[in-house]
Amino acid sequence: MTDIVLIAKKVKSLRDRNYPRDLRMSQVRAVRASELDRVAPGLLADDFPKPIVSNIINVAAQYSAEQIGIVPTVSCTAGVMVSDREKKYAMRRTLIAHNYIDNSRIKVNMVEAADWLNTYAFLPLILEPHFGDAYCGPGPRLRFENPLGSYYDLDAYGRCRCFAKVYDSDIDSLSVKFPYLASALRAGAQSESNNKVELITYYDDDEIVTYLPARENLVLARTPNKFGRCPVFIAEAPRFDEESRGAYDDVIWIQIARAVFAQYGMAAAKKSVNAPLVIPPDVNSISFGRDRVIRTSMPEKIHYAAMEMSPAAWQQGELLNQDATVGARFPEGATGKSPGSIVTGRGMEELMGTIDSKVRTYQLVLADMLRRALGAAFEMDEKFWPNTSRFIRVQVNGQTFEESYVPSRDIKGIYQVDVTYGMAAGMDPNRALVFLLQARGDKLISRDYALRQLPFDVNVDQV
């Protein structure tokens, strides 16, 4: 096993290398949580400690995540599948793959994972062996990890060689989990129970280690990696250099400017409402209250002092709103605004919304990661439980299947999985259905193919 000091140095090197990335991620997280003071202290007025404009970054991120976070079609094939035996064998492996997805709750967590990928430009997926408990049986489990505090190294083919995750934990909870290390954990700690320390879990091809840097790299848990390779898979958004940049890294300052500009507008409105009353020189006294009477021979000179704002200021506000939507790649039609007629040229926006290139790109990245992870799950299942018979009950294409399988017999070293979003990648369900019907109407695709590409589960065999 590698010396823990060398592992700690390697993790520290990864963290130092990714310091600019971590700074951008923390800023985006703060702006999405409307905690602008953490990014730009002192810019917001004391009267409004929180922004009084819509959080376009958070809205755009949620909208994109809901579009991206659709579980793709998962299937397995065996050669040409000319015989019924080969088809049955491929179908059983498809059911096993869906069982991994169901037990790992991928469908439930997919939107959150898509949000992380879109916001932070990468997403870790960890493959773990679950040895069974009172709630479920043994088998591989897939778990999406929060990119915050995650560090990794990839080889030339995109395979993860090592991965480290930094957690914040308190001394009391760690002492309960590791009672035999309680005295070492509390050494030098304050008496408060909420004293936080950094906990790091490190993965590579040889071992999995959990340790505390603040306690001289105290090792809490260490186990050999019997899987034989790093069980972490990374989905990365496309980038033009070595830096990982999220979709909203450059929009946060526009959002802050919008918040500050809105406060300027509120201040101007307040001054306009409380503007002084201008009266002619023959008025000696002013009464207050409703229906008050002011006696003067020059009533035309009674008015409130005008508080004029330059039209350029309002134009700047509109430019900030437009820049925010463009930078976040948030379609204007998503807010309910009509883009107008195609004759004016604004209809091109609706055309771009039909097949959103951003959604399609991220779905392709997610599909590739799931393909690699599910293939590794087949391998782990066969390595850890080769002769264990298990009963599975899954729903595929709208039909419920019940099967029993033995990994050494039903997997037999074939780990390939097909994961695809099909023709409807990048489309919402309504547009995908219209697109498939139009392609089917022009006889570009067959009826069977159209049924398999529908954005909802359909039992093709019974249609």
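The values are calculated or read from the model by the stated rules, or taken from the named source; none is laboratory data. What you see is a predicted model, and the numbers here were worked out from it, not measured in a lab. Note that each Cβ is placed from the backbone with ideal geometry, even for glycine, and that neighbours are counted across all protein chains shown. Accessible surface areas use protein heavy atoms only, side chains included; no ligands, DNA or RNA. Shrake-Rupley method; radii C 1.70, N 1.55, O 1.52, S 1.80 Å.
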So what's the stretch 364-422 giving for Cα Rg divided by 2.2 N^0.38 Å, two decimals? 1.25
Can you give me the distance in nm between label points at E242 and L154, each placed 7 Å from the Cα along the Cα-to-Cβ direction? 1.5
For D153, other-chain or 5+-apart residues with amide H closer than 5 Å (H placed, Pro excluded) are R161, C162
Could I have the simple spin-label model distance between R17 and H130, label points 7 Å from Cα toward Cβ, reported in nm to one decimal? 3.3
Stretchable slack from A182 to V111, in nm (0.36 nm times residue separation minus alpha-carbon distance): 21.7 nm
Calculate the dipole size of the stretch 48-120 relative to its Cα centre from +1 charges on Lys and Arg beta carbons and -1 charges on Asp and Glu beta carbons; express the result in debye to the nearest 20. 280
When only Cα pairs under 8 Å and 6 or more residues apart are kept, what is the percent relative contact order across the chain? 17
If you fit an axis through the alpha-carbon atoms of helix 252-273 and take the longest principal axis of the Cα set of the chain, what angle between them do you get, 0 to 90°, nearest 10? 30
Check the straight Cα-Cα distances from K271 and name the aspartates and glutamates below 17 Å, setting aside those fewer than 8 residues away within the same chain. D46, D47, E308
The chain: angle of helix 56-68 to the longest principal axis, Cα-based, in degrees nearest 10: 30
Between the alpha-carbon centers of the stretch 274-290 and the stretch 1-34, tell me the distance in whole angstrom. 64
Based on alpha-carbon centroids, what's the gap between the stretch 360-393 and the stretch 126-174 in Å, whole number please? 15
Given a cut-off of under 8 Å on Cα pairs at least six residues apart, what relative contact order in percent is computed for the stretch 369-409? 37
Which FRET efficiency value, to the nearest 0.05, is calculated for D418 and D84 with the Förster distance at 22 angstrom and r the Cβ-Cβ distance? 0.65
What FRET efficiency comes out for S173 versus R295 if R0 is 51 angstrom and r is the Cβ-Cβ distance? Round to the nearest 0.05. 0.10
Given pairs K226/K412; K165/K358; K165/K196; K10/K165 and cut-off 21 Å on Cα-Cα distance, the over-length ones are K165/K358
Nearest-10 value in Å² for the accessible area of S285, using the 1.4 Å probe: 90
In the neighborhood of R258, defined by Cβ-to-Cβ distances under 11 Å, what is the net charge if each Lys or Arg adds +1 and each Asp or Glu adds -1? -2
Residues with amide H under 5 Å of L454's amide H, sequence separation 5 or more or different chain, H placed in the peptide plane at 1.01 Å from N; which? none
Expressed as an acute angle from 0 to 90° and rounded to the nearest 10, what is the orientation of the C-alpha long axis of helix 84-103 relative to the principal long axis of the chain? 50
